[in-house]
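Asks: Got a structure here, written out as structure tokens. Questions coming.
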Amino acid sequence: HWTLLSVSLLNCLLSTACSVGLALAVALTVHGRGTHLVRGCNSSALPVDARSAIATNDCPFNTTRIYDTALALWFPSLLLAAAEAVLSGRCCLVALVFQGIGPCAYSYGKEQV
């Protein structure tokens, strides 16, 4: 029971941190209109032939696809990380009930479980 409690609590904390990080990444990306995603693309980092082939853009690829793809991948990841945090929190509560701690601890006997 203690193992279930410690693992579920650790997973809940990590999933919550992941959800917060993803939400921050989405917010910064939407606020900056994706400019942070291609910040490393400058003309000095490109090879000589790529520099001459690109006249108007500093990156050797279509930067609008990065913005769309990042958001398309981050939104489901954010939802799944939040769901994992909720389920881990529920597992933590169940482990507390098994230990006799919590709001429902005395309504369930260990013999019933």
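The values are calculated or read from the model by the stated rules, or taken from the named source; none is laboratory data. Because the structure is predicted, anything quoted here is derived from the model rather than measured. Because the Cβ atoms are built from the backbone with ideal geometry, glycine has one as well, and the counts that use them run over all protein chains shown. For the accessible areas, the whole protein counts, side chains as well, though only heavy atoms, and no ligand, DNA or RNA atoms are used. Shrake-Rupley method; radii C 1.70, N 1.55, O 1.52, S 1.80 Å.
Asks: Which of the residues spanning region 14-44 are surrounded by 14 or more Cβ atoms within 10 Å (Cβ to Cβ), among the hydrophobic types (A, V, I, L, M, F, W, C) and at pLDDT below 85?
Replies: Once the filter is applied, which keeps residues that are surrounded by 14 or more Cβ atoms within 10 Å (Cβ to Cβ), among the hydrophobic types (A, V, I, L, M, F, W, C) and at pLDDT below 85, region 14-44 yields Leu37, Val38, Cys41.
Asks: Across region 66-103, which residue is modelled with the highest pLDDT among those that are open to solvent by 60 Å² or more (accessible area, probe 1.4 Å) and part of a loop (DSSP other than H, G, I, E, B)?
Replies: Ile101
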